[in-house]
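*Asks:* Quick one: the structure is below, and I'll ask about it shortly.
The values are calculated or read from the model by the stated rules, or taken from the named source; none is laboratory data. Computed from a prediction, not measured in an experiment: that's the story for all the values here. Reconstructed Cβ throughout: ideal geometry from the backbone, glycine too, with neighbour counts over all protein chains shown. Protein only, heavy atoms only, side chains kept; ligands, DNA and RNA dropped before computing areas. Shrake-Rupley method; radii C 1.70, N 1.55, O 1.52, S 1.80 Å.
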Amino acid sequence: MAKLVVESTNISDLLDLLRSNTWLVPSFQRDFVWSEAEVTGLALSVIEARPIGMATLWEQADDSELTLESASIPDTVNGVSATAKIAMHDERPKKFFAVLDGRQRATALAMAFGGLRATDARRRFSGRYFLDVTHQDSSERVRYIRDAQVKAGKLDQLSVCIGQGLFPLATEPDSELLGQWLEYIQAIKDPANYANKQLPPAEELQRRDEILKKAFAGISQTVLAVYIVPSGYSLGEICEIFETLNTTGTKVSTVDLLHSWLYSDTSADADPVLLREWIDDLGQLEGAFGWASKNDRPELMAQLVTACYVALDSEKPAPRAVGSKKSPASISSIKAGDLLATPSAFWQEAIADEILLAGYIGDFQECVAGSSFPLKEVKSPVVV
């Protein structure tokens, strides 16, 4: 089997990799969940030339059937979903990779420096990120400004931005990132970009110029470490990698790992299991409304399915082997390892009987309170 490789990519090349669909996101990955503050913090690390972490990629064969999509930011307004993607087309290059770990980080960099944002001003992440050279506190020099404020302040015009000491982090369409920042270094000293064509005092202009050049150096020099897994690995082995990431400190939850396991086991089926999406669908059924959500304690639904497996007296499929461990003889609890060991065949049964499962959840509420009540009122959901 081909050896694993560790490389690195700078910010400009990373944007090209995302825009060209060379880096794609597997459908079993969770949605982008970072906050505006987290994106701002990562952008600040870049302009300060600090380490920004690592991404793990899985090289894909030409005939890969893995469902992959461009880096995107899904959002919802008034119940209507929309998706903004960084790539302008769906074609893939001859060589492409699935992002196993680092989707949040890569997407955040695309938002801050690549202009990835929602096009509707009502949606989250429709604003833009700026370097504020007027700020004395270096930790506050990256600013996120919402779209309504951008338009109201005419901050979509570069000369207005420069006059206020603000420099857009992202490239303009069809612009090269470093080339654009080189233009900033010239433009900051051009009187035409200031009110009444009057430059700031010499000392202040020098201070701003030094901040701008330091940010340019950070963007030029900062790299993202990249760990590449060869295409010879199977999806099952990739799931084991997810398990390793989960146990070594990376924020991959049990539900994320279970999602990948189930997708791996059922990817050849007409309807592969996408756990997080199913949890959301379950939450729309009578009895489970307000209880099943991929964004609010999704592990509870996994625990309930495993509890059903444990309680079943009739013949049932054998537990799944977890990672490199041998398959357990039985499952007796609903701890994380038991959730992973619950076989895919039983999950498919549970999903097929989702109305019955939702009814169980509703019956629990009736039994406890005589009527329905939301999950947020349960201090310890596992008692269910």
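*Asks:* Given the Cα-Cα distance of Asp209 and Ala225 and 0.36 nm per residue of separation, how much length would full extension add, in nm?
*Replies:* Contour length minus Cα-Cα distance gives 2.8 nm.
*Asks:* Rounded to the nearest 20 Debye, what is the dipole magnitude of region 187-235 about its Cα centre when Lys and Arg each give +1 and Asp and Glu each give -1 at the C-beta?
*Replies:* Result for region 187-235 is approximately 40 debye, rounded to the nearest 20.
*Asks:* For region 7-74, which GluC sites (Glu not before Pro) are both in a DSSP coil and crowded by at most 14 other Cβ atoms within 10 Å?
*Replies:* The qualifying sites are Glu65.
*Asks:* Along the charge dipole of the chain, Cβ charges K/R +1 and D/E -1, which of Ile86, Gly290, Ile238 sits furthest on the positive end?
*Replies:* Value computed over the given set: Ile86.
*Asks:* Which one, His135, Ala336, Leu57, is farthest towards the positive end of the dipole of the chain when Lys and Arg carry +1 and Asp and Glu -1 on their Cβ?
*Replies:* Of the listed residues, the answer is His135.
*Asks:* Computed FRET efficiency, Cβ-Cβ of Glu176 and Met54, R0 22 Å: what is it to the nearest 0.05?
*Replies:* Here the calculated transfer efficiency is 0.30.
*Asks:* Something else now. Which GluC sites (Glu not before Pro) in region 275-308 sit in a loop by DSSP (not H, G, I, E or B) and have at most 16 other Cβ atoms within 10 Å of their own Cβ?
*Replies:* In loop regions of region 275-308 (DSSP not H, G, I, E or B), the sparsely surrounded GluC sites (Glu not before Pro) are Glu286.
*Asks:* While we're looking at this one, here's another question. Region 83-181: which GluC sites (Glu not before Pro) are DSSP loop and have at most 11 other beta-carbon atoms within 10 angstrom?
*Replies:* For GluC sites (Glu not before Pro) across region 83-181 that sit outside H, G, I, E and B with at most 11 neighbouring Cβ atoms in 10 Å, the list reads Glu91.
*Asks:* If you don't mind, there's one more thing I want to ask. Identify which of the listed values of Rg and Dmax of the Cα atoms in Å was calculated from the structure shown: (1) 24.6, 84; (2) 20.4, 68; (3) 20.6, 78.
*Replies:* Answer by label: (1).
*Asks:* Using R₀ = 35 Å, calculate the FRET efficiency as 1/(1 + (r/R₀)^6) where r is the Cβ-Cβ separation of Cys367 and Lys335; round to 0.05.
*Replies:* According to the calculation, E is roughly 0.90.
*Asks:* Also, I was wondering about something else. Counting only protein heavy atoms and using a 1.4 Å probe, what share of the accessible area of region 104-201 belongs to carbon plus sulfur, as a whole percent?
*Replies:* Accessible surface attributable to carbon and sulfur in region 104-201 totals 46 percent.
*Asks:* What does the extension gain come out to for Glu69 and Ala187, with contour length at 0.36 nm per residue minus their alpha carbon separation?
*Replies:* Going from the current span to full extension adds 38.7 nm.
*Asks:* Further question: What's the local net charge at Val160, with K and R +1, D and E -1, over the other residues with C-beta under 12 Å away?
*Replies:* Charge balance near Val160 sits at +1.
*Asks:* Relative to the longest principal axis of the C-alpha atoms of the chain, give the angle of the C-alpha long axis of helix 299-311, reported between 0 and 90° and rounded to the nearest 10°.
*Replies:* Tilt relative to the chain: about 10 degrees.
*Asks:* Which one of Ser27, Val383, Phe96 is farthest out on the positive end of the charge dipole of the chain, using unit charges on Cβ (Lys, Arg +1; Asp, Glu -1) and the Cα centre as origin?
*Replies:* My answer, from the dipole projection, is Phe96.
*Asks:* At 7 Å along Cα-to-Cβ for each site, give me the label-to-label distance between Lys197 and Lys94 in nm.
*Replies:* 5.4 nm
*Asks:* What accessible area per residue, rounded to a whole number of Å², is obtained for region 23-67 using a probe radius of 1.4 Å?
*Replies:* With all protein chains present, region 23-67 gives 41 Å² per residue.
*Asks:* In addition: Give me the distance between the Cα centres of region 81-150 and region 161-214, rounded to whole Å.
*Replies:* Taking the Cα centre of each part, region 81-150 and region 161-214 sit 21 Å apart.
*Asks:* Place a point 7 Å from the Cα of Asp269 along the Cα-to-Cβ direction; which residues of region 334-350 have their backbone N under 12 Å from it?
*Replies:* Those under the cut-off are 343-350.
*Asks:* So, by mean Cβ neighbours within 10 angstrom, what's the order for 113-119, 254-260, 213-219 with the highest one leading?
*Replies:* Ranked from most to least packed, the peptides come out as 254-260, 113-119, 213-219.
*Asks:* Let's see if you can work this out: charge +1 on each Lys and Arg Cβ, -1 on each Asp and Glu Cβ, no other charges. What is the dipole magnitude of the chain about its Cα centre, in debye to the nearest 20?
*Replies:* 1300 debye
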